[in-house]
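Reading through the structure tokens given below for one structure.
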Amino acid sequence: MSDRGNDDLGDLLRQVRVAASPFRTRLNALYEDYLPVREGRVADYIPELARADPDAFGIAVVDIKSREVFEVGSCSDLFTIQSVSKAFIHGLALEDYGRDHVLTRVGVEPTGDAFNSMIKLEGQSHRPHNPMVNAGAIATAALIKGEDSPAKLKRVLEMFSRYIGREPTIDASVYTSEKTTGHRNRAIAHLLLNFGMLPPNLDEILDLYFQQCSIMVTAKDLAVMAATLANGGVNPLSGERALAAEYVQDVLSVMFSCGMYDFSGEWLYRVGLPAKSGVGGGLTAVAPGRLGIGVFSPPLDEKGNSVRGVAVCEALSQDLGLHVFSSPETWSTPG
Ligand code: GLU
């Protein structure tokens, strides 16, 4: 048999095994359990997000050792990444400038405030508290290197393509809408400029921020991105490095303490995984050394996190013993 034939047979056997696995049955059950949930509201600050289907629901898990992908529901639906992008852009800024310089522009301290809070900058330094709140994410976007705006965007898209294994695209109508209505983010940028924390090219910086938020991903993409961070920065499906190994710990630490808006402390307590959510209904959660989880479900709770996304991650964390402080005796693997 040719090599291709062996590969095909291997793929087929893997698919049969995945299809029959108890973990897949469990994932299907989780999907059925949480699909009827009616809590939460789809983000409506721009009309494009308000049109999201509240019943769209996908759960994807990527196991880094077996490289198996488990999917149930709407795992190929495209939606805008929104704030999930912030964690990954933080990684790119670290690669561009190193930890010491990035720390002069943005801190690593949770705020306990809403993501778009305007008033809080750190006392002496005037740094935004962390790269996950809008102020910090805008300061981080300003650090992305490139000779002009298209070059910076190109680098951002190339970075995401390494994480997801395909060329990402931008939802032009979400981007235009964010740009047209983003007065609060513009005000935050002006405040940062006032304190000398941003250079004066605010339009260019905000454009990149609105573009990064408008990148389209699927639940499967979010699982592969999480699995890449779980795997030391190397995409486990493609073998391509997406983030320098030395910065994986920094990115995960900030996701751990600040990734779930002003629910981050309770999330840590209940789920215990570095994670990031976005108002498009996406959630990415990382079990270091083990697996990545991606969930898509647009209805959000009052903090801005996907209601079904939080519930599914809590259940998976308990089932598989994923909480970073869990005892090894409770650990199990999907399969
Ligand atoms: N583009 C959104 C904003 O800056 C991102 C919000 C989010 O996902 O938290 O307001």
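The values are calculated or read from the model by the stated rules, or taken from the named source; none is laboratory data. Model, not experiment: these values are computed from the prediction. Neighbour counts are summed over all protein chains in view; Cβ atoms, including those assigned to glycine, are modelled from backbone coordinates with ideal geometry.
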Would it be correct to say that Ala135 is surrounded by 21 or more Cβ atoms within 10 Å (Cβ to Cβ) and within 16 Å of the ligand (Cβ to nearest atom)? yes
Residues of the range 165-202 classified as farther than 25 Å from Leu49 by Cα, more than 16 Å from the ligand (Cβ to nearest atom) and not aliphatic (A, V, I, L, M), total: 7
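Going by the structure shown, is Val84 surrounded by 20 or more Cβ atoms within 10 Å (Cβ to Cβ) and more than 26 Å from Val295 (Cβ to Cβ)?
Spelling it out, it is not the case that Val84 is surrounded by 20 or more Cβ atoms within 10 Å (Cβ to Cβ) and more than 26 Å from Val295 (Cβ to Cβ).
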Test Ile89 against the stated conditions and say whether it is out of contact with any Ser or Thr (no Cβ under 8 Å at 6 or more places or on another chain) and surrounded by 22 or more Cβ atoms within 10 Å (Cβ to Cβ). no
Looking only at the range 119-158, how many residues end up being closer than 16 Å to Leu193 by Cα and touching a His at 6+ places or on another chain (Cβ under 9 Å)? 8
Tell me whether the range 15-34 contains one or more residues that are at pLDDT 95 or above and acidic (Asp, Glu). yes
Filtering the range 151-202 for residues that are within 25 Å of Ile293 (Cβ to Cβ) and assigned to a loop (DSSP other than H, G, I, E, B) leaves a count of 6
Among the residues of the range 148-161, is any within 16 Å of the ligand (Cβ to nearest atom), loosely packed, with under 15 Cβ neighbours inside 10 Å and over 30 Å from Ala223 (Cα atoms)? no
Among the candidates Gly40, Gly73, residue that is in contact (Cβ under 8 Å) with a residue 12 or more places away in the chain, more than 30 Å from Ala142 (Cα to Cα), touching a helix residue (DSSP H, G or I) at 6+ places or on another chain (Cβ under 6 Å) and within 16 Å of the ligand (Cβ to nearest atom): Gly40
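Across the range 79-118, what is the total count of residues that are within 25 Å of Ser214 (Cα to Cα) and more than 16 Å from the ligand (Cβ to nearest atom)? Let's see the steps before the verdict.
So the first thing to find is which residues in the range 79-118 are within 25 Å of Ser214 (Cα to Cα), and the list is 79-97, 102, 105-108, 110-111, 113-118.
In the following step, the residues that additionally are more than 16 Å from the ligand (Cβ to nearest atom) were identified as 91-97, 102, 105, 107-108.
Number of matching residues: 11.
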Which of the residues spanning the range 203-237 are at positive phi and either buried (at least 24 other Cβ atoms within 10 Å of the Cβ) or part of a helix (DSSP H, G or I) (or both)? none
Selection from the range 192-228 of residues closer than 16 Å to Pro131 by Cα and out of contact with any Asp or Glu (no Cβ under 8 Å at 6 or more places or on another chain) yields Leu192, Met197, Leu198, Ile205, Leu206, Leu208, Tyr209, Gln212
